[in-house]
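Working notes, beginning with the structure itself.
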Amino acid sequence: FQNEINEVPFFDVQLPYELALKIFRYLGRAELGRCAQVSRTWKILAEDEVLWYRLCQEEGYLLDTSISDRSCWKLALKNCRAREHMLKTNWKNRVGAVSQLRYEPGRVLCDVHCCDGVVMAGYTSGEVRLWDTRTWDYTAPVLAAVAGPGGAGAPPHVSFVRINSSLAVAAYEDGTVSVWSLLLGQEPIHHFQHNQHIQALALAPGGSAVATASGFQVKVESPDDKGFWQTPGTFEIQKLVNFLNLVPDVTGSPVAVAAAEDIVYLLKAEDPGRILHSVYGQPVTCLDVAAHEAAFGIKTFGWLLNEPNQILLYNLETNQCVTKVGSSIGDFSCVNLHSSPPNMLVAGNKDRRVRVFDLRRGEAACSVYGHQLGVSAVQMDEWKVVSGGEEGLVCVWDQRMGTKLWEMHARHPVRLVWFNSHSLITANVPEEKNPRGSSITEDDPSLHRKYRGVIYSYEFSVDQLAVDSVLPICRSSYDELAGYNYNIGLAVPYDSI
């Protein structure tokens with residue numbers, strides 16, 4: 001019947017179908033629903049697949065699909081909106097499944113990083129593990145390390161780990177750096193050595209460049225077109241680097257931003273190293289970098305000169321300060337710019353507050369109080385903020401209402417907070433890697449649980465209360481005869497749920 005429509009009645013005129021379809025393209029969901037009740041011809045026109053495919057794309061659903069991939073785009077949009085509403089409700093009510101990413105007794109967590117649900121963790125044993133939390137029956141493969149000279153001695157502790165969609169990088173206490181490809185297997189594809197302890201490690205979010213800071217030197221490594229690793233830039237800096245980031249989405253040579261005490265450098269391969277910001281006696285306390293901007297907190301002289309601590313936003317193309325936000329007595333301890341909505345920024349402070357800034361107005365849009373020992377990790381989206389504190393508390397906030405939705409506590413400081421629409425990853429990393437007066441061994445599981453650190457994985461697409469979710473010990477497969485802790489022997493193995 002649709003193919004037989006040549007003219008569509010528009011009040012006192014008759015329009016061709018294509019022209020009537022162009023008029024209907026200016027209507028939203030509610031208007032199309034009303035028009036579908038006018039007549040049979042208008043109903044067919046209002047339910048045209050082109051209109052609903054356009055609406056689905058405009059609202060950000062199924063962006064990687066074409067119009068021929070589905071037969072009913074109106075139903076597809078309805079299902080996407082229903083899933084989004086369900087996930088938002090589950091987030092607010094803490095409905096979902098929670099599990100711990102476990103590890104053998106006798107190991108202490110050193111550093112954790114996450115990318116799109118893939119978690120990378122390094123331990124005091126020198127081992128590096130991966131978890132893919134996007135699958136329910138995930139396992140934790142061990143990334144093989146480069147063998148030391150002669151293979152003698154215990155392997156060094158892991159200092160830093162970083163991961164993106166294609167690479168995984170780990171830096172060790174002895175200055176060793178190993179790079180793995182997530183597509184090629186568990187053997188490292190690149191390896192290099194620093195003579196001193198590594199203070200910072202950075203991995204480009206969407207690229208393959210790796211930056212390290214050791215002593216007074218910053219080194220950038222990246223593969224060429226043939227896959228051979230090279231060093232496009234080595235920079236000598238007058239002070240020790242505290243923070244290091246690689247600018248994402250950079251074409252050509254990689255660009256790094258390094259904060260060394262009270263100086264912020266913009267490091268490009270063709271330049272010797274440009275100073276982005278420098279004020280004597282005002283050290284940088286946190287740093288984050290987006291595609292075209294860099295945000296960092298500075299510690300000022302205090303109220304003696306009527307100049308509180310602030311966050312500065314610099315444009316990396318013009319090297320000029322765009323805006324200054326924040327006015328706090330405490331130091332800004334963490335800032336998140338790259339994963340925040342456009343023109344927004346979230347920061348945590350040692351004064352126990354989490355602040356959301358609107359960069360267009362240059363002022364705080366939301367300020368919440370919730371961490372007794374200061375904020376250590378933050379992330380936000382359009383409606384919520386997730387923050388972690390030094391006391392081990394993870395809080396989920398409703399940004400518009402400025403209220404706490406729920407919280408979760410563990411023993412050690414929160415060093416990682418990462419979430420997307422349906423999952424949340426948090427990591428509590430202990431400060432003390434070698435507890436004094438005790439030896440964490442497999443023979444003392446209670447002591448191990450006290451000092452080991454923990455990684456939590458929340459999945460909010462599961463329609464059940466998180467407190468009632470299936471315990472990890474009950475998700476054992478038939479080939480497991482022991483539980484995940486205290487060496488509990490299972491008489492009858494559990495089903496995989």
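Shape class of region 17-91 from the Cα gyration tensor (axes a ≥ b ≥ c, square roots of the eigenvalues): prolate, since a/c reaches 1.5 or more and a/b is larger than b/c. Averaged over residues, the count of other Cβ atoms within 10 Å places the peptides 176-185, 399-408 in the sequence 176-185, 399-408, highest first. Scanning residues 5 or more positions from residue 276 or on other chains, those with amide H under 5 Å from its amide H are 264, 265, 266, with H placed 1.01 Å from N in the peptide plane.
Surface composition of region 279-409: carbon and sulfur atoms hold 50% of the protein heavy-atom accessible area at a 1.4 Å probe.
For region 370-386, the Karplus equation 6.51 cos²θ - 1.76 cosθ + 1.60, evaluated at θ = phi - 60°, returns couplings of x, 10, 6, 10, x, 8, 10, 7, 9, 7, 9, 9, 5, 10, 9, 10, 10 Hz by residue, with Gly and Pro reported as x. Only lysine pairs 8 or more places apart or on separate chains count here, and in region 279-409 those with Cα atoms under 20 Å apart total 5. For residue 328, the residues whose amide H sits under 5 Å from its own are 309, ignoring neighbours fewer than 5 places away on the same chain, with H placed 1.01 Å from N.
Counting charges near residue 327 (Lys, Arg +1; Asp, Glu -1) among other residues having Cβ under 12 Å from its Cβ returns a value of 0. Ignoring lysines fewer than eight residues from residue 43 along the same chain, the ones with Cα atoms less than 26 angstrom from its Cα are 22, 74, 78. Straight distance only, please: which lysines reach the Cα of residue 219 with their own Cα at less than 26 Å, same-chain residues fewer than 8 apart left out? Correct list for residue 219: 239, 268. For residue 344, the amide hydrogen comes within under 5 Å of the amide hydrogens of 359, counting only partners 5 or more places away or on other chains and with H modelled in the peptide plane. Relative intensity of region 279-409 on a log10 scale, I(q)/I(0) at q = 0.16 Å⁻¹, equals -0.74, per a Debye sum over C-alpha point scatterers of equal strength in the absence of solvent.
The values are calculated or read from the model by the stated rules, or taken from the named source; none is laboratory data. All figures in this text were calculated on a predicted structure; none of them were measured in a lab. Positions of Cβ are backbone-derived with ideal geometry, glycine not excepted, and every protein chain shown enters the neighbour counts. Calculation scope for accessible area: heavy atoms of the full protein, side chains included, ligands and nucleic acids excluded. Shrake-Rupley method; radii C 1.70, N 1.55, O 1.52, S 1.80 Å.
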